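Below is one structure, written out as structure tokens; comments come after it.
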Amino acid sequence: MKKQRLREELLEKRKFLSGAYYQMADERICMLAAELPEFQQAEVVFCYVGMEGEINTRPLLEKALAEGKRLGVPRCEKKGVMQVYEIHSLQDLAPGTFGILEPAPGAGLIRPEEIDLALIPCLTCNEQGARLGYGGGYYDRYLEQTACTRAALCRELFLTDDIPVEEHDQQMDLIVTETGVTHVKNSQK
């Protein structure tokens, strides 16, 4: 219940911030994420495609492609289950589950163990690496299979100290906001 209440509060908060703030924050977050040594050294990057209200990840997707990295984007397969598929261009994306841009059918599967860096969405996270998503469990289930570095992308105004954590919740290694990068001290990596 506490998680759901926090989700509702954060989704409501989104409505009251300016478009200028979102644009500034998103551009800075993408720039800082692209400057991460983990991004620069990664051969295979997994990154979500931001939908309305989420961080616009398009600059990160374009940068990964321009640098010749293998770029994986999630596709929902069924309730609670997603896989990561390789794209070679943003034109390889088409509206899928929930209207989210996903790799079109026929894209090549990227196995979880191939991923070097995962850039993960959240409603909120904290400096201890706890992350709160939208409640479907897609990312937690998928990340259980990986050994990659996990970076949550979050606007500073949405950071929350007190996030309820359950056993299945996957911890982040890095938190990237428009004000900087936090390396999680207690990260399991």
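The values are calculated or read from the model by the stated rules, or taken from the named source; none is laboratory data. Everything numeric here is computed off the predicted structure, so don't read it as measured data. Here Cβ is always computed from backbone atoms with ideal geometry, including for glycine, and neighbour counts include all displayed protein chains. The protein model used for the area step is the full one, side chains on, heavy atoms only, and it has no ligands, DNA or RNA in it. Shrake-Rupley method; radii C 1.70, N 1.55, O 1.52, S 1.80 Å.
From the list 54, 43, exactly one residue is within 15 Å of the chain's Cα centre (by Cα), closer than 19 Å to residue 103 by Cβ and acidic (Asp, Glu). Which is it?
54
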Qualifying residue in the range 148-157 (condition: over 29 Å from residue 15 (Cα atoms) and out of contact with any Lys or Arg (no Cβ under 8 Å at 6 or more places or on another chain)): yes
Subset of the range 160-177 that is hydrophobic (A, V, I, L, M, F, W, C) and part of a loop (DSSP other than H, G, I, E, B) - its residue that is most open to solvent (accessible area, probe 1.4 Å): 165
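Residue-wise test of (1) in contact (Cβ under 8 Å) with a residue 40 or more places away in the chain; (2) among the acidic types (Asp, Glu).
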{"site": "23", "(1), (2)": "no, no"}
{"site": "31", "(1), (2)": "no, no"}
{"site": "34", "(1), (2)": "no, no"}
{"site": "41", "(1), (2)": "yes, no"}
{"site": "49", "(1), (2)": "yes, no"}
{"site": "59", "(1), (2)": "no, no"}
{"site": "62", "(1), (2)": "no, yes"}
{"site": "67", "(1), (2)": "no, yes"}
{"site": "72", "(1), (2)": "yes, no"}
Number of positions in the range 133-150 that are basic (Lys, Arg) and surrounded by fewer than 21 Cβ atoms within 10 Å (Cβ to Cβ): 1
Strands (runs of 3 or more DSSP E) within the range 31-126 that include 1 or more residues open to solvent by 30 Å² or more (accessible area, probe 1.4 Å): 70-78, 81-87, 93-95, 101-103
Checking residue 130 against (1) open to solvent by 10 Å² or more (accessible area, probe 1.4 Å); (2) hydrophobic (A, V, I, L, M, F, W, C); (3) under 21 Å from residue 15 (Cβ atoms), the condition it does not meet: (3)
